Amino acid sequence: MEAEYEYFCRQVEALTGVHLASYKRPQMERRLRSFMGRVGVDGFVSLVCLLEHDARRLQEFKDFLTINVSDFFRNTDKFDELRERILKPAVARGQRLRIWSAGCSNGSEPYSLAIILEELGAPNGHTIWATDIDEDALRKAKAGVYRGYEIRNVDPARREQYFTRTGNDEWTIAERFHRRVDFAVHDLLAPTFPSGFDLILCRNVVIYFTEPAKDELYRKFSESLKPSGILFVGGAESIFKAHELGFESVAPFFYRKRAA
Ligand SMILES: C[S@@+](CC[C@H](N)C(=O)[O-])C[C@H]1O[C@@H](n2cnc3c(N)ncnc32)[C@H](O)[C@@H]1O
């Protein structure tokens, strides 16, 4: 069984790029069994066989696996745009930003924000609230310890400056960033949200939500934002009913709360 699981992990990594062996095995096995039940196979070897021959199932499996996956500066060009278009002018105006990273997973997203704010010379006083429904992900986020492949998007200069090598293929984010991000459990399907945010990031979270749940979420985000506050969404998550839900589009994947 051990050997079979190891074989499975190697094949999955080759097929999807996801480093399955880095996931806690009992939880992952439970989830994998449920996936196997859904697609009608009865073991790891038959699942590999299915994934090798069925491109649609392979995509479904990747989506299933990456539910928790995150990356520093995910979609780097969009993060550059966030820095240039939103954060830099706000810092220049002396604005103290209240930011919410909603569905923050392992912390890569809020820590990326904290790094950018530091690079922009932002003084203290900005707050980053980072939430997720998954307590395991939050534990990892709070620890701020990453494997090499998890910080592959961080260029070597930043890696040197903001991370300390704390083990073989293990990197820990600098202590000051821990203090700049406030992590908490929060369910985005909950009825009420806190308010007063200048910027909300909700990226790669809603793919498993139904259309009505998404609409409701975006409506609540609009209420949570200050006037002219910005919502930044994931690369495949354009909001088609933006106007109806209280937003105007500023650029692809950036929405501004509409004046009432
Ligand atoms: C793919 S990760 C995205 C992480 C990060 N935002 C990014 O773009 O890299 C999706 C995260 O959404 C979280 N999530 C899913 N449903 C949620 C819910 N109802 N409330 C809060 N977080 C949720 C998952 O636990 C997961 O950590």
Exercise for the section: Give 83, 74, 30 a once-over and let me know the one that is at pLDDT below 95 and assigned to a helix (DSSP H, G or I). Expected result: 30
Exercise for the section: Examine region 101-113 for a residue that is more than 10 Å from the ligand (Cβ to nearest atom) and at pLDDT below 95, and state whether such a residue exists. Expected result: no
Handout entry: Enumeration of residues in region 70-123 that are touching a Ser or Thr at 6+ places or on another chain (Cβ under 6 Å), more than 14 Å from residue 199 (Cβ to Cβ) and of a type outside the set (Phe, Trp, Tyr)
Key = 70, 71, 105, 106, 108
Problem - Residue list for region 82-107, filter: out of contact with any Leu (no Cβ under 8 Å at 6 or more places or on another chain) and among the hydroxyl-bearing types (Ser, Thr, Tyr) - result: 105
Practice task
Look through region 1-43, keep the residues that are within 16 Å of residue 69 (Cβ to Cβ) and among the charged types (D, E, K, R), and return whichever of them is surrounded by the fewest Cβ atoms within 10 Å (Cβ to Cβ).
Solution key: 24
Practice task
Considering only residues that are away from the ligand (no atom under 12 Å from the Cβ) and crowded, with 16+ Cβ neighbours inside 10 Å, look in region 184-210 and name the one that is farthest from residue 139 (Cα to Cα).
Solution key: 198
Handout entry: Condition met for residue 46 (polar (S, T, N, Q) and loosely packed, with under 12 Cβ neighbours inside 10 Å)
Key = no
Handout entry: Number of the exception - residue 174 against (1) among the hydrophobic types (A, V, I, L, M, F, W, C); (2) within 13 Å of the ligand (Cβ to nearest atom); (3) in contact with a strand residue (DSSP E or B) (Cβ under 8 Å, 6 or more places away or on another chain)
Key = (2)
Exercise for the section: Could you check, for region 213-222, whether at least one of its residues is more than 25 Å from residue 59 (Cβ to Cβ), of a type in the set (A, V, I, L, M, F, W, C) and at pLDDT 95 or above? Expected result: yes
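The values are calculated or read from the model by the stated rules, or taken from the named source; none is laboratory data. Just so it is clear, the structure is predicted and the values come from calculations on it, not from any experiment. Cβ: placed from backbone, ideal geometry, glycine included. Neighbour counts: every protein chain shown.
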